[in-house]
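Each remark here refers to the structure printed beneath this line.
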């Protein structure tokens, strides 16, 4: 039997490289890829879901600065908490498809600049309050305010007006057409919570989700109990209670799993995954999506405000070495843009950038430099092998005339104290279901999560035009050009797209197909998985 990795590529001729014409042809046909990543065959169905038990999940991430405010969610710890206690308007299924959640249906008016969402009736918050259109509006407006620091602010900037049309209908009016607009509401930060006096009442963590918040220690743990009045009934939220623990060190997570102290871990050490697979009672799983590892440079700060320096930094990295030594083959090469291979709008004809110290030196010389001294901030908690990868980068960059000082930062507070604060850092991005979402959140001018502070007039113009273009071939052309801009002028090194590789006790059952847009079944393991006995 073929492995998942072999199945993912078995439909492509060996050595096949698509031309731009072929890429646009496939994009226009709407083939290739669904929401979060390559649509792979699912893992075997473990058993029929059963209720009961206390589930313990150990994840990386987590910080003492964590908050129940969904606008601040930034890592796997809070994402898991959020998906446990709350719901989004629209979801991503285990098959990576767009599915109804709190919105039972939606439709666009001609031109896709007005969207109507029909809100599910009879849904109750944990407090007993019935969900209505006002809660939806306030939950979304919470991310749009002048003082909002939400990463969703840039995505929602195109919304001109939100109004209710009765208690269970919300109408969004956009500045221009957006064929992908419903996908915005799959984001884990757009959790729906109750409103109180026109403001989001997030402090108590009261949502409509499958679990009720019992205790919350930022960056440490969160304890949940099953919601007896969950609107999904017996279809989801199978365990009696759950405990989400922050365990930043990958070896500690694996040891806890092996010893039976926890039931699920979000990311394994790929250097030792072959040993973990030999452990009796442990299942290792992986899903292919658009998770990607990045090194953003602040393009507004010297020396990264010079594109030749940025190109020198990009050519100074051996991507193949990172794929082999950091991911151990569980992924694919990146080409300095965030649209994943296999995505509907992936520009397959672009020449792959490889390690080239001579080109790196050439661009340094063009920038008026013979050598460059640069610091790179990184932390162990980002992903297994993050520090090892930075050290490999340092070795290869030295041959290109770049003295890379690897700064090992504390895990706690990395995304609040280091990311977007230091000029050159390591980071990672989970999958977004459309090209528009990842390009808007991470690269649009003025975006709150634009971590390279990238400003490019033509890129921004194309991004807006592509969003409202309903002709798929024309959209593909525009997304192609945006990928070229990011590869050749952007401020982010994107060396790898990584599989989500995680592990669990064999006592845990899960659906046959698991979503690849985030780790642990699209982040929803707490709701979708169960104890088999």
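Here are the numbers:
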| item | result |
| --- | --- |
| Residue ID - nearest to residue 317 (Cα to Cα), chosen from residues in the stretch 271-303 that are surrounded by 14 or more Cβ atoms within 10 Å (Cβ to Cβ) and free of Cβ contacts under 8 Å to residues at least 40 places away in the same chain | 272 |
| Qualifying residue in the stretch 500-512 (condition: surrounded by fewer than 18 Cβ atoms within 10 Å (Cβ to Cβ), out of contact with any strand residue (DSSP E or B) (no Cβ under 7 Å at 6 or more places or on another chain), at negative phi and assigned by TED's automatic domain parsing to the domain that holds residue 363) | no |
| Count of the stretch 397-425 residues which are closer than 30 Å to residue 478 by Cβ and either crowded, with 23+ Cβ neighbours inside 10 Å or modelled with pLDDT under 95 (or both) | 2 |
| Wholly enclosed helices (runs of 4 or more DSSP H) of the stretch 433-533 bearing at least 1 residues more than 30 Å from residue 416 (Cα to Cα) | 457-468, 472-489, 525-528 |
| Set 195, 203, 141: member being surrounded by fewer than 22 Cβ atoms within 10 Å (Cβ to Cβ), within 30 Å of residue 54 (Cα to Cα) and not assigned by TED's automatic domain parsing to the domain that holds residue 529 | 203 |
| Test: residue in the stretch 315-323 that is modelled with pLDDT of 95 or more, surrounded by fewer than 17 Cβ atoms within 10 Å (Cβ to Cβ) and assigned by TED's automatic domain parsing to the domain that holds residue 415 | yes |
| Conditions (1) in a helix (DSSP H, G or I); (2) surrounded by fewer than 20 Cβ atoms within 10 Å (Cβ to Cβ); (3) under 28 Å from the mean Cα position of the chain (by Cα); (4) touching a residue at least 40 places away in the same chain (Cβ under 8 Å): number failed by residue 393 | (2) |
| Enumeration of residues in the stretch 227-241 that are over 23 Å from the mean Cα position of the chain (by Cα) and either outside any strand (DSSP E or B) or buried (at least 18 other Cβ atoms within 10 Å of the Cβ) (or both) | 227, 228, 229, 230, 231, 232, 233, 234, 235, 238, 239, 240 |
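The values are calculated or read from the model by the stated rules, or taken from the named source; none is laboratory data. This is a predicted model, so every value here is computed, not measured. Cβ coordinates were reconstructed from backbone atoms using ideal geometry, including for glycine residues, and neighbour counts include every protein chain displayed.
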